[in-house]
Amino acid sequence: MPPTKPDPVEHDSFTIERRFDAPPAEVFAAWSRPERKRQWFACHAHWTSHGYELDFRVGGYEYSRTGPAGGPLHIYEARYADIVPNARIVSSYTMSFGDTRISTSLLTVEFHRIGTGTRLVLTEQIAVLDARFPASSREAGMHLQLDSLEATLARYDAVAA
């Protein structure tokens, strides 16, 4: 049987800005420390983690396998290209759904001090490889992750108070 023709690649980009009450060092720590990132990184609170690793350094990697109970795994594999502590993270990553590679992206996250808080600017440039998972779904998922980050930072503030 001949191989099936691949979907055409969809190229897209989006930028999301969020403000957090925490200072840039605290928000950056939520991205750079494995014990903290693990708390908010899954797209959905009801998903189960099936493995997480973070080697946060230029040239380092991040690997996550997560998904709904009984459902296929969402696999995230990233490499860090640039890190400026408390200011910027640039990584490239691939997402897979089960055994199917669905996209690859360049992700830039910037942390700007605004008074005592942080303005986070996240820009993703994405090549969608499977039309079942359009760029709009990745953007929606990123909003969910940032909502989870905000809730996690609020819990840290409550414990510190």
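Summary of computed values
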read-out	value
In segment 1-21, residue modelled with the lowest pLDDT [restricted to those that are under 23 Å from V128 (Cα atoms) and part of a strand (DSSP E or B)]	E10
Residue within segment 62-76 that is closer than 30 Å to P23 by Cβ, at pLDDT 95 or above and in contact with a helix residue (DSSP H, G or I) (Cβ under 7 Å, 6 or more places away or on another chain) present	no
In segment 22-56, the residues that are in a loop (DSSP other than H, G, I, E, B) and either surrounded by 15 or more Cβ atoms within 10 Å (Cβ to Cβ) or at pLDDT 95 or above (or both)	A22, P23, R33, F41, A42, C43, W47, D55, F56
Condition check for G70: surrounded by fewer than 17 Cβ atoms within 10 Å (Cβ to Cβ), farther than 25 Å from Q125 by Cβ and either within 15 Å of the chain's Cα centre (by Cα) or not polar (S, T, N, Q) (or both)	yes
Criterion (over 23 Å from L120 (Cβ atoms), hydroxyl-bearing (S, T, Y) and surrounded by 13 or more Cβ atoms within 10 Å (Cβ to Cβ)) met by exactly one of S103, S92, S96	S96
Failed condition for A127, given (1) surrounded by fewer than 17 Cβ atoms within 10 Å (Cβ to Cβ); (2) farther than 22 Å from L73 by Cβ	(2)
Lone qualifier among A161, A140, A154 - being under 26 Å from E10 (Cα atoms), out of contact with any Asp or Glu (no Cβ under 6 Å at 6 or more places or on another chain), at pLDDT below 95 and not aromatic (F, W, Y)	A140
Single match in E77, E139 (criterion: acidic (D, E), in contact with a strand residue (DSSP E or B) (Cβ under 9 Å, 6 or more places away or on another chain), more than 22 Å from A29 (Cβ to Cβ) and assigned to a helix (DSSP H, G or I))	E139
Failed condition for D82, given (1) in contact with a Pro (Cβ under 8 Å, 6 or more places away or on another chain); (2) surrounded by fewer than 17 Cβ atoms within 10 Å (Cβ to Cβ); (3) at pLDDT 95 or above	(1)
Yes/no for R113 being more than 24 Å from D12 (Cβ to Cβ) and at pLDDT 95 or above	yes
Those residues of segment 57-67 which are over 12 Å from the mean Cα position of the chain (by Cα), in a strand (DSSP E or B) and in contact (Cβ under 8 Å) with a residue 24 or more places away in the chain, in sequence order	T66
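The values are calculated or read from the model by the stated rules, or taken from the named source; none is laboratory data. Here the structure is a predicted model, which is why all the values come from computation and not from measurement. Methodologically, a virtual Cβ is constructed for each residue, glycine included, from the backbone with ideal geometry; neighbour enumeration extends over all protein chains shown.
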